[in-house]
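Read the structure below first, then the notes.
No lab work stands behind these numbers, since they all come straight from the coordinates. Computed from a prediction, not measured in an experiment: that's the story for all the values here. A quick note on method: Cβ atoms are made from the backbone with ideal geometry, for glycine too, and the neighbour counts reach across all protein chains shown.
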């Protein structure tokens, strides 16, 4: 303690009422007003003209460390340095009445531990200009600095929290000027805080966005009337990068303010939006594929009857040259129609072409060599194929057709000439990439990019380019199945396809094919199989009368005996009755009442070793694959020739 005055003993010990009277002189307050000081954090001391303490609150007593003793009646200098009658720095010059007072800030020390206090001191003058008393409001400077640090730390924490929020957040005033922006919004807008704060929101957000869904009007309504609004799927174009955002607008009313603020929260849902579009596209392609496959199935049944009976007629009838020409024309037209249904099935991923390991780089080399001899000389083809490009598992012919279709489309997109670029390389797809594409799974892929610098694709139709029968070419220019075949071929190999295009700047198709760990198998010429008949009994199960009758006619012409069933239920009935004499079951997969798969399962329960030949034109859900995994089964694809049917029947019977 630097200056602890002994002082004189006062004849009158100040009371609570003395403080109240001084308060009444200063503020016109009554006795209860002093009680309000007890709730204050600041230390409050009232002194009389003799510098005697007539009131102190609990906060001051803690600062001065008076303990439980009441400092009333004691000189203020006992507790605060430099305060006495000769040197106390109350400035009361010019104070002429109780209604006038001067205020001054002082820094003095506590007698306990020399803590620094900041005091606001108000002097009260007498009516004749003398010193009547005073009031001190004291703040512990160290505590104040600690509180300031805590406030700054809290502000920093709040800022950090706002900056880590994945949504963009801005606050605007009633004049639409930005008062606050977090880092996520800065990234979203491509601007930094100094460029944003104080700026008008109409100078930051694109006009097209403010106009969309009456965004600006809704912001103004929230500022005017309060409340909240939500707007979904807003297109946010910043620096040529289109983002999709969901926006929430909420009123912020400041206490004591005459106008509202508004908080705008931007959720960037671009990835989710794109994934949703991909899912919609995949579901649409699946639905269209099922429809196309169903059409192909029915068409194959009709086509099978035409082709089969035409071949039977040619085999069993003596024809003159003219009639034989007619029959050959029917067969040729049917085979061309068969090619169309094969394309539909490839697009629908419902076909079951034989799969093997092959090098996509080699196939592309063959396609380029073919095109180089036939394509217009105004179009150049450049390739960049990695020497270590992996092999893939799939149908090589279908893949070749897919590459050829893409190159032909690129050629057609450059009527005045241009360049086709084909790049092939290995690519490791990680979780980050796969999270953007629903068809992708992590792993090693062979990536094939086919680009042109042609007319490009209109953004309005780019989502439909893989749809079957959709085409922008003239009526005679194509069937609209080219890109559908590409989509189906790549999908059947476990891969997926992406397309990027800009009108006037060309198009790039990127194919991703899972790399195969198996080695490329050596090619072997198919063995010649003799066509011969037999005398066994065959149960033919098909709901289509024309295919059922055709199959029986073919078999009977080769010496076989036949039994017929019109569906799966009927097949179980006939098989249970004639089981001892049936050597083979020929069954269609897609039938009413009971599917071929279910009928197959029930037949095998009755007779586990009975040979089964499945013939089908379409299987979209792997039914054929499931059945082929069982022993003593064989597969024949519709439509089939007479010889194909007889060879498969003989193989199935001999394989018992």
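Quick rundown of the values:
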item: Burial ranking of peptide ranges 44-50, 69-75, 194-200 (average Cβ count within 10 Å, highest at the top); result: 44-50, 69-75, 194-200
item: Sorted by Cβ neighbour density within 10 Å, fewest at the top, the residues 547, 162; result: 162, 547
item: Cα-based Rg / Dmax (Å) for region 165-268; result: 12.8, 42
item: Shape category assigned to region 537-654 from the gyration tensor of Cα positions, a/c cut at 1.5; result: rounded
item: Protection-proxy order for peptides 227-235, 503-511, each taking the mean of Cβ atoms within 10 Å per residue, highest first; result: 503-511, 227-235
item: Alpha-carbon spread of region 356-514, three principal axes, descending order, Å; result: 40, 35, 25
item: Extension reserve of the residue 276-residue 40 stretch, reckoned as 0.36 nm per residue once the Cα distance is removed; result: 79.1 nm
item: By average C-beta atoms within 10 angstrom, highest first, the peptides 397-408, 202-213; result: 397-408, 202-213
item: Coarse-grained scattering of region 171-228 at q = 0.18 Å⁻¹, given as base-10 log I(q)/I(0) from a Debye sum over alpha-carbon atoms; result: -0.64
item: Taking region 362-446 and dividing mean pair separation by its residue count, relative contact order in percent (alpha carbons under 8 Å, at least six apart); result: 35
item: Computed over region 122-227: relative contact order in percent, which uses C-alpha pairs under 8 Å that are six or more apart; result: 15
item: Relative contact order %, region 554-605, counting alpha carbon pairs below 8 Å whose residues are six or more apart; result: 37
item: Additional length obtainable on full extension of the chain from residue 370 to residue 208, 0.36 nm per residue less Cα span; result: 53.4 nm
